[in-house]
Amino acid sequence: QRLKETIGQAQATEDPEDVKDVKEHLRSLRSHNSNLRNCAKSYSTDSAKAATTGDKLGTALMDFSKEYDQSPLGEALIRMGETQNALNALQQAFASRTTEIFVASLRRANDEHIKSAVDLKNKQEEARVAYDIALNRQRELAGKANDPKYKQRIEEADQAVNVAKASYDTLCQQLVNRLNDFDLQNSIDTIANLRTYMKAQLGYFTDAYHLLNEMAPHIDELEQRNNTFIDQMHRQAQALRQQQQQPPPQQQPPLYSSAGEQQQQQQQYATPPQYASAPQYATVPLANQPPLPTCQPAALAHLPTSRPC
């Protein structure tokens, strides 16, 4: 029957409008559920990978701080590395929560509701095919209604059409009811999941905000300390340059350049100078010089060898 319908040799019964709508709705539901589940899974996986990469970043910051131990820069690197690791832990937990909220719930919705609706749709289409087969059989026997020998076949064909029509109508109504029930329950479950996801996001960003808000004053303080340290270094470097640019002061030679020279000079001044020969002066023989007068004080006049002056 379906092959004949495909190649145009048989006419298919057209579904009621409400059945057409729920079939189209079911097709869209399957597509959106799959797309949303895949996107949520990718988002969760990427968030987990980002958290893992963030752990490497935190470790790199703390390793880098070892090059600037006991300095504002080193302390800032350590604090930022610790904060980064805390943020990574929050992101990892949020990624796991996203998987639980969206991926798991969407998979349950697909397995428990959408698949059952698809199975029901397939049964409805089989019932429609069975109904069309019965109708075709009834049409084939319609031209032989006046022939008594086809009377029983015609009655059986009419009965088969009625049974097929009832089954088809029942499954059509069941399909419509199933999709309506799914939409009602899905709206409750989806809004609850969105609310849970919103709370998970709010918790994640709130905790991250508190971490960064606590970190901000420390970074500001370390920046000020680092600027002060740099200013001091600049002043010291400037003073050193000025000192190097000034001409060196004239210094008196040292009295003694060494202990050996000091001892040598001391010995030189302790010993009178030695001359190669005594100086020569002009002399007059004593025989040709007049006698020098002798002057004695009056108190010595009683001495025989003295004369008064």
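The values are calculated or read from the model by the stated rules, or taken from the named source; none is laboratory data. All figures in this text were calculated on a predicted structure; none of them were measured in a lab. Note: ideal-geometry Cβ built from the backbone for every residue, glycine included; neighbour counts use all protein chains shown. Remember, those area values only see protein heavy atoms, side chains included, never the ligands or the DNA or RNA. Shrake-Rupley method; radii C 1.70, N 1.55, O 1.52, S 1.80 Å.
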Yes or no: Ala200 open to solvent by less than 70 Å² (accessible area, probe 1.4 Å) and in contact with a helix residue (DSSP H, G or I) (Cβ under 6 Å, 6 or more places away or on another chain)?
yes
Has the range 99-116 got any residue that is part of a helix (DSSP H, G or I), closer than 18 Å to Asp18 by Cβ and of a type in the set (A, V, I, L, M, F, W, C)?
no
Candidates Ala192, Ala208 - the one that is among the small types (Gly, Ala, Ser), surrounded by 11 or more Cβ atoms within 10 Å (Cβ to Cβ), out of contact with any helix residue (DSSP H, G or I) (no Cβ under 8 Å at 6 or more places or on another chain) and assigned to a helix (DSSP H, G or I):
Ala192
Given the conditions (1) in a helix (DSSP H, G or I); (2) surrounded by fewer than 19 Cβ atoms within 10 Å (Cβ to Cβ), every one holds for Lys121 apart from (2)
Where a residue in the range 179-195 is on the phi > 0 side of the Ramachandran plot and its partner, wherever it lies, is of a type in the set (Phe, Trp, Tyr), with Cβ under 9 Å and at least six apart
none
Expected output for the range 106-121 (first residue under 12 Å from Arg27 (Cα atoms), partner in a helix (DSSP H, G or I) and open to solvent by 60 Å² or more (accessible area, probe 1.4 Å), Cβ below 6 Å, 6+ apart or cross-chain) is Ile114/Arg30; Ala117/Arg178
